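Just below is one structure, and these are the notes that go with it.
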Amino acid sequence: KYEIPNTQDVIIKAKKYLTIYRSESKIALNNGGDSVKLYQPLKDEPLQAVNYEKAIEGWSYNFDLRQDKWAWSEIATPGKENIIKTINHKPTADFDCPQEITAGVPVIFDSSDTIDEDGDELKYFWDFGDGITNKLASPEHTFLKQGAYTVKLTVSDGENKVVKEKIIKVDAFNQGLNNKNGIINSAQGLGKIIINEFLPNTEGADAEEEWIELKNAGSAKINLLNWKLDDSEGGSKPYAFKNDLWLNAGKFFTVERVESGLALNNNADAIRLFNDLDEMMDEVEYEATVKGASYARGQNNKWFWTNILTPGEENIISVNELGIMDYETACVKNGDKIKKAGQIIETTLEKIKEFEAGDLIKVKGTVAVEPGILGSQYFYIVGSPGIQVYNYKKEFPGLRVGDYVEVSGELSAGAGEPRLKTKQADDIKILAHREPPAANELTCEKINDDYVGQLARVTGEVTGRKSSIVYLDDGTDEIIVYIKKATGINPAGIKEGEKIAVTGLIGRTSSGVRIMPRSADDIVKKDIESAEAAGQVLGEIMAGDEWEVAKRDKKLELFKYLLLVAGGAIMALAGLLIKIKRKPA
């Protein structure tokens, strides 16, 4: 420890500075990481503790008053006001978009997973690969033609630029394949080959009578050379098309087992289709089979067991005269439930996991966050558990947190989490207004995919922050707290080492599960036992301590002054007495 001497040159006037050099203090600061502590007189605990990791050669470590944090600067200013010229970290660029895009249908390209560790204002530049560019953070774009496009996102923080690229496959919009309910088969597209029908459990010998039918569901012919058919992984040897085989638009091709060697199990199996680049283009799974019936693709991409076998032809699901499954009465077994194709099924949030993407369902729940807060096109309802409610056109009724609503829509997955897609505001009916929903108290280790869509509350210590992402650890695990701009929360106000309680919606993206607070009220700072224990860096001396020290120092200085005065008086008096004795009589 170095004790500051009690001299006039160490008095620091208001807004002024005192620099202590190593030549005077003999304190050696390690380049690999160390700490500096400031103690008040007669105190054992430090008033201020500053920790740093690996030092940068020639750079100083400064307290930035504007950002209320410590930062390295390449400009050292001993005895003067700090000038922060910091390391500018490159942003991390990322974006989400639908895996399947149809030409003519607008989609959102979401860059909310793009972060900047320094909190710099970012600029975005999109090149969609079709001659169109955009400068919005999360733009909407419509591809007009089928094909493969390289979508490039360039993010700049004013000094550095980073690029994220993804190859997007766009299928053509095919008006001719609408079903009678006005639902477009999402699998259709130019030259897109799909598995359309197959017979796994025959009336006779399976080895001789099984077959798989493929269909070109688009409007352009395609060559099946080097494409492959396979059953579930680890089953039969894949069958490869070794010769040119051009399949025209809307046409079928049937592969028989005697040729392919693919043996389809009667209890449960899968069929997979791979293109010439070994990319899986289609996969169909099934469980228990029906003897003598084929498994056929029907309306809205649904699959049905049917006794009308149509290899090489359009599937027939509606045959009322024979009493076989028609579109209105055909049922599909899915676990322990039976559902009618094309019919909206009324269910509960608890049972929503029993349904599949594409199912039309109706559920009730309580609004946990209003539209426009966590996303402009969606909001969340909760019960047990919860789900995201989505509308592409942003058509929502006037919703408030606590509204008890009934929602009808198509079940799908957006950015990795379940969502209920609505078409219009009328699909959302407000039934009553209740108290705002309560959050479930959870530990970080329990927050996983099972809790996506739920309102939760976690308490822990802030272990780091990068731009709008805060890392929270409660001792069981670490969770990402993602702060969206529309919430009005300032991420810079959350400091490493603080203990906070966060309430928010559990969401999922391609980067994992995270909790998303809705407003500043969802983040509550907790008391910390001591600043040093929490690793907190104090920006100023506490007022109470300052006055206590000042009073004690004034008494000490007065005592020293009186001693000096008394000593001087005694010496002067002694000198005077000596002179008097030496003076002749």
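Readers should treat all values here as calculations from the given coordinates under stated rules, not as data from a laboratory. Only a predicted model underlies this, so the values are computations on that prediction, with no experimental measurement involved. Neighbour counts run over all protein chains shown; Cβ positions are idealised from the backbone, glycine included.
Hey, with R₀ at 41 Å, roughly what FRET efficiency would Lys429 and Trp246 work out to, going by the Cβ-Cβ distance, to 0.05?
Details: r = 51 Å, r/R0 = 1.25.
Calculated value: 0.20.
Semi-axes of the equivalent ellipsoid for the stretch 385-520, please: Cα gyration tensor eigenvalues, times 5, square-rooted, ordered largest first, whole Å. Kindly include the intermediate steps, with their values, before the conclusion.
Values: eigenvalues 163, 48, 42 Å².
Semi-axis lengths for the stretch 385-520 are 29, 15, 14 Å.
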For this session: Would you mind checking Lys164/Lys446; Lys364/Lys421; Lys192/Lys251; Lys123/Lys466; Lys251/Lys291 for any pair whose Cα atoms are more than 20 angstrom apart?
Result: Lys164/Lys446; Lys251/Lys291
Exercise. Leaving out same-chain residues fewer than 8 places away, which aspartates and glutamates sit with a Cα under 19 Å from that of Lys169?
Worked result: Asp94, Asp96, Glu100, Asp110, Asp127, Asp130, Glu140, Asp276, Asp278, Glu279, Asp282, Glu283
For this session: For the stretch 271-315 and the stretch 420-481, write down the distance between their C-alpha centroids in whole Å.
Result: 38 Å
Problem set entry | FRET efficiency estimate (nearest 0.05) - Cβ-Cβ, Asn6 to Asp120, R0 60 angstrom | 0.85
For this session: Quick one: go through the stretch 210-250 and flag any residue whose amide nitrogen is under 16 Å from the point 7 Å out along the Cα-to-Cβ line of Glu256.
Result: 210-214
For this session: Find the centroid of the Cα atoms in the stretch 207-268 and in the stretch 487-519, then give the distance between the two in whole Å.
Result: 49 Å
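Within the stretch 371-458, report the trypsin sites (Lys or Arg not before Pro) that DSSP leaves as loop and that have at most 14 other Cβ atoms within 10 Å. Present the calculation step by step, with values, prior to reporting the outcome.
Working: sites: Lys393, Lys394, Arg400, Arg419, Lys421, Lys423, Lys429, Arg434, Lys446, Arg457; in loops: Lys393, Lys394, Arg400, Lys423, Arg434.
Taking the stretch 371-458 and a limit of 14 other Cβ atoms within 10 Å, the loop trypsin sites (Lys or Arg not before Pro) found are Lys393, Lys394, Arg400, Lys423, Arg434.
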For this session: Using only Cα atoms, locate the centre of the stretch 1-55 and the centre of the stretch 380-403, then give the distance between them in Å, rounded to an integer.
Result: 55 Å
For this session: Pick out, in residue order, every one of the trypsin sites (Lys or Arg not before Pro) in the stretch 219-317 that is DSSP loop and has at most 16 other C-beta atoms within 10 Å; say none if there are none.
Result: Lys221, Lys242, Lys251, Lys291
Exercise. Convex hull volume of the Cα atoms in the stretch 1-47, per residue, in Å³?
Worked result: 117 Å³
For this session: Round to the nearest 0.05 the FRET efficiency obtained for Lys485 and Ala357 when R0 = 35 Å and r is the Cβ-Cβ distance.
Result: 0.70
Problem set entry | Under 18 Å from the Cα of Lys429 - aspartates and glutamates, other chains or at least 8 residues apart | Glu346, Glu370, Glu395, Asp403, Glu406, Glu410
